[in-house]
Amino acid sequence: MHRTEKLSSADLAALRAELESKRASVLRSRDEHIDAGTHQHESLADPMDAATRATDEAELLGLASHERRLLAEIDRALAKMSKGTYGVSELSGHPIPIERLHAVPWARLTADEEEKVERGR
């Protein structure tokens, strides 16, 4: 069932807790990836080992970059909560179903709108 009215204060509290928990988890993961990807002090004599390390470091830093973008989305959702605009599509102004918000608490669009946007890319 899709919601047509505003989120209740209980819904908002639960979704805020989900966002804050996910934010803390992503921060920890990002910091670990950055640390592991940038703090390799020993030099490797074997060129294959050095190439493998460089690939691993690039992958870790790529993950950290993805996590940075996710943190920005989470922060945006938390800011929208503070402004009272959370749970409303940025495209149509329609309410985002609570089921979607529980699945993707930082969602900016309804699932149908997101699918149309993705198909248009």
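Here are the numbers for the structure shown:
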read-out: In Hz, Karplus ³J(HN,Hα) per residue of the stretch 17-34 (6.51, -1.76, 1.60; θ = phi - 60°; x = Gly, Pro); value: 4, 4, 4, 5, 5, 5, 4, 4, 5, 5, 4, 4, 5, 4, 4, 5, 5, 5
read-out: Residue-averaged 222 nm ellipticity for the chain, from DSSP H runs of 4+ at -39500 (n - 2.57), nearest 500; value: -23500 deg cm²/dmol
read-out: Long-range lysine pairs (8 or more apart or interchain), the chain, Cα under 22 Å; value: 4
read-out: The chain - charge dipole about Cα centre, Lys and Arg +1 at Cβ, Asp and Glu -1, debye rounded to 20; value: 780 debye
read-out: Residue (of THR55, HIS33, LEU71) at the positive-pole extreme of the chain, dipole from beta-carbon charges; value: LEU71
read-out: Using alpha-carbon coordinates, inclination of helix 111-120 to the longest axis of the chain, degrees; value: 50 degrees
read-out: For VAL88, net neighbour charge (Lys/Arg +1, Asp/Glu -1) across residues whose Cβ lies under 10 Å away; value: +2
read-out: Alpha carbon convex hull of the stretch 4-121, volume per residue in cubic angstrom; value: 113 Å³
read-out: Cα-projected label distance for VAL104 with ALA58, points at 7 Å along beta-carbon direction, nm; value: 2.9 nm
read-out: Cα long-axis angle, helix 47-83 against the chain (0 to 90 degrees, to the nearest 10); value: 20 degrees
read-out: Summed side-chain charge close to LEU63 - residues other than LEU63 whose Cβ falls under 15 Å, Lys, Arg +1, Asp, Glu -1; value: -3
read-out: Which of SER21, TYR86, TRP106, positive extreme of dipole for the chain (C-beta unit charges); value: TYR86
read-out: FRET efficiency, LEU27 to ARG119 (Cβ-Cβ, R0 41 Å, nearest 0.05); value: 0.80
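Values in this text are rule-based calculations from the coordinates and carry no lab data. Values in this document were obtained by computation on a predicted structure and should not be read as measured data. Note that each Cβ is placed from the backbone with ideal geometry, even for glycine, and that neighbours are counted across all protein chains shown.
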